[in-house]
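Right, one structure below, let's go through it.
The values are calculated or read from the model by the stated rules, or taken from the named source; none is laboratory data. Just so it is clear, the structure is predicted and the values come from calculations on it, not from any experiment. We place every Cβ from the backbone using ideal geometry, glycine too, and count neighbours over all the protein chains shown. Ligands, DNA and RNA are excluded from the accessible area calculation, which covers all protein heavy atoms including side chains. Shrake-Rupley method; radii C 1.70, N 1.55, O 1.52, S 1.80 Å.
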Amino acid sequence: MTLIRIARLAGLALSLACAAAVAQTPAAGHWPTKPIKWIVPYPPGGITDNATRMVLQKVQEQAGWQIVVENKPGANSLLGADLAAKAAPDGYTFLTVIAAHASNATLYAGRMPFDPVKSFAPVSLVGIAPLIMTATNNLPAKDVKELIAYAKANPGKISFGSSGVGAAAHLTTELFKQTAGVDMVHVPYKGTAPALQDLIGGNLQILVDTPSSLMPHVRGGKIKALGMFSAKRLPGAAEVPTIAEAGGPALQSSTWVMFLAPSGVPRDIVNRMNAEVAKAVASPDIQKKFEALGIEPSGNSPEQAAKFLDEEIAKWRKVITTAGVKAE
């Protein structure tokens, strides 16, 4: 057999292999041809689930796609994330993550069955929900400046709650402690609800969480708002000053909603989903709903989402390491 014939046969084999690979990968032009599964690694009804369903409902209306949301809570979101990481990269499985995904990279380093960055392809940062600091009504501090002064005069005597170790609320308060130079004791709870009840009852002094969880109780007079961890006041809670306006350090901290795909999903599919998500987030009705939830809409590009996630992982790694936070 001549060298020319051998080269031709090798070229033909390579072409056939490439064609087979293309045949196994759904082109965006013919995608989707069946329902898309969307994993939310948290229980139904929370801000993560609500924001995801709002946006995806809009995407379905726009694109005519069928998207089925599946709630897979457990292990601080690791269960649902692992299911998505191990799904076929064919464009029929997506995942919603929040700030815990970034902190998990440090809290569970070396113990996760997937890589929080390499196992996924960012689709879009959907929105950012700045957190709010609230206090029990009997705390002798009406703003953040007075809280810092009181905490410095009473080191270790103020307790702050959170929805759990490593949650955005917990780490945000640790960041506040480190920046303001105060000593407060962390009391973790299994969710925001029991922590809130202890705050209302005066058994807890400080609680940081989302405005959607806490503002109804602030407005009802059951607790008081000290400041918002944002660069500017939120339209849906304009009566609450930023942490800096209230006399504290210029801190910004939030939970957020990001859409991911398993690593290896064709880029044209990622781009097509990104375009539909961005269109949905930019719609007036979604923006109005987000405002009610205290979410600042984003809808950025896959590249911007990837950069944001890297920055969040680095930010919380420093806070976790400095505070010596350990996963439960």
Selected residue (only one of Ala305, Ala280, Ala327 is in contact with a Leu (Cβ under 6 Å, 6 or more places away or on another chain), buried (at least 19 other Cβ atoms within 10 Å of the Cβ) and among the hydrophobic types (A, V, I, L, M, F, W, C)): Ala305
Region 204-220 - residue that is outside any helix (DSSP H, G or I), in contact (Cβ under 8 Å) with a residue 60 or more places away in the chain and not aliphatic (A, V, I, L, M) and, of those, most open to solvent (accessible area, probe 1.4 Å): Gln205
Filter result (open to solvent by less than 10 Å² (accessible area, probe 1.4 Å), of a type in the set (S, T, N, Q) and assigned to a helix (DSSP H, G or I)) within region 146-184: Thr172, Thr173
Evaluation of Asn300 against (1) assigned to a helix (DSSP H, G or I); (2) touching a Leu at 6+ places or on another chain (Cβ under 8 Å) (one fails), failing number: (1)
Meets criteria (outside any helix (DSSP H, G or I), on the phi < 0 side of the Ramachandran plot, of a type in the set (A, V, I, L, M, F, W, C) and open to solvent by 60 Å² or more (accessible area, probe 1.4 Å)) for Ala129: no
Region 71-86, residues that are in contact with a Pro (Cβ under 6 Å, 6 or more places away or on another chain), under 17 Å from Gly164 (Cα atoms) and open to solvent by less than 40 Å² (accessible area, probe 1.4 Å): Ser77
Pairs, first without any contact (Cβ under 8 Å) to a residue 60 or more places away in the chain in region 104-117, second surrounded by fewer than 16 Cβ atoms within 10 Å (Cβ to Cβ), C-beta under 7 Å, six or more apart: none
Lone qualifier among Val68, Val40 - being at pLDDT 95 or above, of a type outside the set (Gly, Ala, Ser) and more than 22 Å from Val165 (Cβ to Cβ): Val68
Meets criteria (open to solvent by 50 Å² or more (accessible area, probe 1.4 Å), in contact with a Pro (Cβ under 9 Å, 6 or more places away or on another chain), in a loop (DSSP other than H, G, I, E, B) and closer than 25 Å to Gly294 by Cα) for Pro89: no
